[in-house]
Structure formats: structure tokens, C-alpha cells
Amino acid sequence: MFITTLFIIWEAISKSGLFPQFLWPPLFWSSHGEATVFGTLVGGLISGQILEAALLTLSRLAVGFLIAIVLGLALGYLIARYRLFDDTLGFVVTALQSVPSIVWFPLAIVWFGLGETAILFIVTIGATWTMTVTSSTGFKNVPTLYLRVARTMGSKGFHLLRTVILPASVPHLISGMRVAWAFAWRALMAGELLGGSGGLGHLLEMGRALQSMDLVLSVMVIIGLVGTVMDAQVFLRVERSVMRRWGMTVRT
Amino acid sequence: MQVVLDGVHKQFRKEDGQVLQVLKGINLTVRAGEFLSLIGPSGCGKSTILNIIAGLEQPSEGSVRVNGKPINGPGIDRIVVFQEAGLFPWLSVLDNVTYGLLLKNMPRKKAEAKAMDVLRMVHLGRFANAYPHELSGGMKQRVAIARALVMDPDILLMDEPFAALDEQTRIVLHQELQEIWQQTKKTVIFITHNIREAVMLSERIILMGTRPGMVKQEFVVEAARPRDPSDSVLVHLEKRIMAGLEQEMEKVLKEEMGDDYRLQKGVVYHDPLYHLGSDI
């Protein structure tokens, strides 16, 4: 209902002639044969232009995010387990976490050239530090009771890590992933916008260059959709069911 | 003698460098198949004794031998049931119980069959596929006991296992624990601060003194099983233990609240003249 109202307001402004149509394109109804956002979106999906870009973007995200998770878990474990790493690396990671990942882009361009690797690099950087911090918190907060129970049963070393420490920190890890994902997603968009080698961000840049706001807006719709679906449908759901099973109170 | 503690001392160094003596010169022997309770005021180091026997903590001085061998870390001949059940929430009840068996490299089929037997013993056969968050406190503690029993340890170490449960559940679990102990004849070292619980379950009760923790008195419970809380032997014994415990509690309270504190009834000072004339 609220969304519908927003749509109506948008359409009204577009039709009012307050702004040129190419700056403020209509959502659904075209009056003088100009492109509509909805039309471009559907057309783009059918022709594969938007779909292709979205798939490229998502595959980059998946790779970068996966690397970040593995790195984050490994670093987080070192920090949680060894005092030395906590005092040294822990501090650096906290500092790095507060640096927006797009800041790394100039460096990445020089190191890897403008392209795929540079974009992957900043996506990974964007998610790694958050993942490191949350996973080290998760590992540090494994209840002593679980560890004692497992140790009296004879578990130790890697078995203890795999069967107790990792699963016991899952609630922290999931929340960490959710935040890390959000960072990675933002970093990726910024990277693609500047990196110019395909993907949704590049499509945005193209829309700007062609003065075609209908394309820009329809890409924004897709970006928003992917973000919402991942956050609300995937992460929030997993987080809730994990919280319930792990016996924590569910936030409503 | 299955468990022998010989001159065990334990001290911690606090942050401010002060040394805190937790246990002092503990000599204790436990027979195979005995049900022994350790009772004492909080802070008397009874849990520390249990953790030392479990191999989770090391004594500062003295030796601990189990079946004649000095202990070296945790071992599956000594399994602990803690006050909190400590079930792994990511595993089903059955997987929780088989956890230790699979660690011993027992084939899964065999482990599950064995786990089911023990779960039936604690009357939880129907809940094998449930997850811990679906169980009540008493049921969780039953699973914890099953998880310990399934390992078939020589010694069952129980650290106030029923302290967090409500009275009815506790009574039922006392009954079950008695039956299990009679069936399996395990050595049980049971920690509690509940005198009734100690008298109902044990063959021998060690009353511990506090600050530093030491063995103060020993009581042998000579009552028929299954035990009846109204048995005059038990009632009398309860009183004797209470008397001993009160002295220790007073010591703790005095330390915490100052020298003028007295636990005996009727010692809170009322000035008889305070209200004089206030009704006029």
C-alpha cells in the first residue's frame, strides 16, 4: 500500500512536467513514447542485458564473499586462540575495519590493473575485517561448559574445533556474515561503478553516460531487490532459526 | 581404593598478587562402586576437588590417583555431569549422547543402539530426535546423565547436577539416579549443598570446611534403600550434618559481614524500650 502511494507520487511528478522526462522517467505509463523504468527493466531482463550484468555481479560477490569468510574465520581463530595475534593483528584489524573498502580501490588499480581482480580485491577486503572481528568474538565466547564437556569426553585439537568451537559460534558467525555481506555488496557496487568491466555497477555508469535514467533506475531496483532478498529472506531467516535452536531469545 | 587424593593443596594467585588458598591438605579415598557426597558451604572448594579428579584442573600440591594411576588430564574413565546440562544445542538428543561414543571410534549403528538403551533408562526414548531447546530443564539434565552413562565410565562425577531444577523434578531424578546407581554400580562422587539430597542418595557424606577448604567431618549413611526421607535415621543424620554445616556457614558470614554477626536465631538486637510509650 505504502509502495503504491510512492509509485503514484512518482508518476505524478514525472507527468507534471516539472522535470524533463529523461531526468525523471515515468515508472509504468509512457505518454509520449518515452522509455519507462518498468519497460526498461522487463526489456533488459528479456534481452539479457540486465540479467547478464546481475549474474556477473552476483558471481563476483559470491567469490569475494567466500574468500572473505575463509580468511575471516582463519584470522578470527588465530586472534581468539593466541594472545600474540590478539595484541597485534587484533588491533590492526579493528583499525582496518573502520576504513571504507572503496578507499582501497586506487591501490587495487595500481596493484592489479583496472579490472576483475581489483574489484574482487575490494569486495574481499570489505567483508574480511568484519568477518574476522565477529568470528574472533564468536570463538572467544564459546561457553566454557561446552569445552569442558567435550574435553572430558576426550575431544581435543582439530576435532574440538570442528565439533564444538565452530558450531557453538554459529550464531555470531551468521550475524557476522550478514554484516560482512552488506559491506561486500556496497564495496562491489562502488567497485563496479568505477571499475568498468561489466556488472550492475557498470550498467549504472553506462546509464549515466547515455543520459538514460530509466536504465539507471531499473538497475537500482534490481540492486535494491537483491539486497532486500538476501538480507531479509536469507540471512534473517537463518539467523532466527539458529538463534532459536541455540537457545537464544529471538528478536522480534 | 579407586580414587585416592593425598595431601591435595590448591591455591590461586589473584590479580592483585594475593594467594587464595582454596584447598588445604585434602586426604580422601573413594571405594569402587561407592556413592560419595561432598557437601559444604559455597566457596569451600568442593567443585575444585571434582575438577581436579576430572583432570580439568591441576592440584598445586599433592597427588591424585585413579585406579592406582596418577591422572593426567581428562579421561573417559571419569565423566562429569555439570550443574548446567551443557548439551550441544546444534545436535539432537541422540547425537548428543553418541558424541562421546563416536569419538571412541565406535561404529555409528552400534553407538546409536547403545545410546537408545541409555536414553530409555532415563525415560527419554521418545525424545531421541528432539533438540535440546525443546526439552525442559529436568529432561536436559536426564540427557546429560545419559550422555555420561553411555560412556560407561568407572567414575561418575556429578557437580550439583540437580541444583538448578525445581523440587518435584529433583525428587524424581533422585529416584532415577538411585536406581541407575544400583543397576550399574558405578562409583559416584556427588557434589551438593543440599543436605537432604546428600542423605537420600549417598553411602558416605564428607562435610567440608571452608577457607581454606578441608575435610571437616565424615558421615556414613546406614539406611535401607530405596530411601525414605522420613526415615528416622536420615532425619537424625540430617540434623547432625546441619549442625556441622552451620558452624561453617557462620564462619563465612562472619568474614563477609563482620565479627558481630551470629547465625543463631533471636540474636538480632531489639531494644525492648524502643517502642515504649509509642502507643499512648
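Using modelled amide H (1.01 Å from N, peptide plane; none on Pro or chain starts), what sits under 5 Å from the amide H of B:ILE71, excluding residues fewer than 5 places away?
B:VAL64, B:VAL66
Using the Kirkwood formula over every pair of different C-alpha atoms, what hydrodynamic radius in Å results for segment B:53-165?
14.8 Å is the Kirkwood radius here.
In whole Hz, with x marking every Gly and Pro, tabulate ³J(HN,Hα) for segment B:19-31 from phi via Karplus 6.51 cos²θ - 1.76 cosθ + 1.60, θ = phi - 60°.
Working through the residues one at a time gives 9, 9, 7, 8, 10, 9, x, 7, 10, 8, 10, 10, 6 Hz.
Calculate, for B:ALA243 and B:ALA130, the FRET efficiency according to 1/(1 + (r/R0)^6) with r their C-beta to C-beta distance and R0 51 Å; round to the nearest 0.05.
0.70
For B:ARG204, what residues show an amide H to amide H distance below 5 Å, using hydrogens built from the backbone and excluding near sequence neighbours?
B:PHE35, B:SER37, B:VAL221
Enter the Cα centre distance for the pair segment B:194-221 and segment A:56-72, rounded to the nearest angstrom.
Value for the Cα centre distance between the two parts: 60 Å.
For segment B:222-238 and segment A:182-252, what is the centre-to-centre distance using only Cα atoms, to the nearest Å?
Cα centres, segment B:222-238 to segment A:182-252: 70 Å.
Points 7 angstrom from Cα along the Cβ direction at B:LEU253 and B:ASP117: gap in nanometres?
Roughly 5.0 nm, to one decimal.
From Cα coordinates alone, what are the radius of gyration and Dmax values for segment B:86-152 in angstrom?
Final numbers for Rg and Dmax: 10.5, 31 Å.
Do any trypsin sites (Lys or Arg not before Pro) in segment A:166-252 lie in a DSSP loop with no more than 11 other beta carbon atoms within 10 Å, and if so, which?
Within segment A:166-252, the qualifying trypsin sites (Lys or Arg not before Pro) (loop, at most 11 other Cβ atoms within 10 Å) are A:ARG251.
When the Cα centres of segment B:112-160 and segment B:1-53 are compared, how far apart do they sit, in Å?
Their Cα centres are 27 Å away from one another.
Please state the charge dipole magnitude for segment B:37-98, taken about the Cα centre, from unit charges on C-beta atoms (+1 on K and R, -1 on D and E), reported in debye and rounded to the nearest 20.
220
At a temperature of 4 °C and a viscosity of 1.567 mPa s, determine how fast segment B:120-201 diffuses translationally according to Stokes-Einstein, using the Kirkwood radius over alpha-carbon pairs as Rh; express D in µm²/s, rounded to the nearest whole number.
Estimated diffusion coefficient is 98 µm²/s.
Compute for chains A and B the buried accessible surface, both sides summed, probe 1.4 Å, and express it in Å² to the nearest 100.
Adding both sides of the contact gives about 2000 Å².
Just the Cα atoms of the protein assembly as shown: what Rg and Dmax do they give in Å?
33.1, 102
Rounded to a whole number of µm²/s, how large is the Stokes-Einstein D of segment A:36-245 at 37 °C and 0.692 mPa s, given Rh as the Kirkwood radius over C-alpha pairs?
Estimated diffusion coefficient is 176 µm²/s.
So what's the angle, to the nearest 10 degrees on a 0 to 90 scale, between helix A:213-228 and the longest Cα principal axis of chain A?
30
What does the charge add up to near B:PHE82, with Lys and Arg as +1, Asp and Glu as -1, over the other residues with Cβ less than 15 Å from its Cβ?
Once positives and negatives cancel, what remains is +3.
Just going by the charge dipole of chain A, with Lys and Arg at +1 and Asp and Glu at -1 on Cβ, which of A:PHE183, A:ILE3, A:GLY17 is farthest out on the positive end?
Comparing the listed Cα positions along the dipole, A:PHE183 ranks first.
Within the set of other residues whose C-beta is less than 13 Å from the C-beta of B:VAL215, count the net charge using Lys and Arg as +1 and Asp and Glu as -1.
+1
From largest to smallest, what semi-axes in whole angstrom does chain B give when each is the square root of 5 times an eigenvalue of its alpha carbon gyration tensor?
Value: 37, 24, 19 Å, ordered largest first.
Explain nothing, just the number: dipole magnitude of segment B:86-152 about its Cα centre with +1 on each Lys and Arg Cβ and -1 on each Asp and Glu Cβ, in debye rounded to the nearest 20.
My answer is approximately 140 debye.
Which of the aspartates and glutamates could be linked to B:LYS109 by a straight reach, that is with a Cα gap under 17 Å, when you skip same-chain ones fewer than 8 residues away?
Correct list for B:LYS109: B:ASP95, B:ASP117.
Taking 35 Å as R0, compute the FRET efficiency from the Cβ-Cβ separation of B:GLU176 and A:ARG162 and round it to 0.05.
According to the calculation, E is roughly 0.55.
Compare B:ILE205, A:ILE3 by solvent-accessible area with a 1.4 Å probe and give them largest first, with all protein chains kept in place.
A:ILE3, B:ILE205
Which residues belonging to segment A:137-161 lose at least 20 Å² of 1.4 Å-probe accessible area when the assembly is complete, relative to their chain isolated?
The answer is A:LEU145, A:TYR146, A:ARG148, A:VAL149, A:ARG151, A:THR152, A:MET153, A:HIS159 - residues whose exposure falls by at least 20 Å² when every protein chain is included.
Taking θ as phi - 60°, what are the ³J(HN,Hα) couplings along segment A:83-96 by the Karplus curve (6.51, -1.76, 1.60), each to the nearest whole Hz, with x for Gly and Pro?
Using θ = phi - 60°, the values come out as 4, 4, 5, 4, 5, 9, 4, x, 5, 4, 4, 4, 5, 5 Hz.
In whole Hz, what ³J(HN,Hα) sequence does segment A:123-138 give by Karplus (6.51, -1.76, 1.60; θ = phi - 60°), x for Gly and Pro?
Rounded to whole hertz, the list is 4, 5, 4, x, 9, 4, 5, 4, 4, 4, 5, 5, 6, 5, 4, x.
In segment A:36-245, if the dipole is taken from +1 on Lys/Arg beta carbons and -1 on Asp/Glu beta carbons about the Cα centre, which of A:SER101, A:ALA232, A:LEU45 is farthest to the positive end?
Projecting each Cα onto the dipole axis, the largest value belongs to A:ALA232.
Work out the length of the dipole vector of chain A about its Cα centre, built from +1 on the beta-carbon of each Lys and Arg and -1 on the beta-carbon of each Asp and Glu, and round it to the nearest 20 debye.
Dipole about the Cα centre, nearest 20: 1460 debye.
Excluding same-chain residues fewer than 8 positions from B:LYS239, which lysines have a Cα within less than 30 Å of its Cα?
Within reach: B:LYS24, B:LYS46, B:LYS185, B:LYS186, B:LYS216, B:LYS251, B:LYS254, B:LYS265.
Taking the dipole about the Cα centre of the protein assembly as shown, with the C-beta of Lys and Arg at +1 and of Asp and Glu at -1, give me whichever of A:GLY90, A:SER135, B:ILE52 is farthest to the positive side.
B:ILE52
Where the accessible area of chain A is counted over protein heavy atoms with a 1.4 Å probe, how much of it, in %, is carbon and sulfur?
On chain A, the fraction of accessible area on carbon and sulfur atoms equals 72 percent.
The values are calculated or read from the model by the stated rules, or taken from the named source; none is laboratory data. What you see is a predicted model; the values in this text were computed from it and never measured. Cβ: placed from backbone, ideal geometry, glycine included. Neighbour counts: every protein chain shown. To get the accessible areas, we keep the full protein, side chains included, count just its heavy atoms, and leave off ligands, DNA and RNA. Shrake-Rupley method; radii C 1.70, N 1.55, O 1.52, S 1.80 Å.
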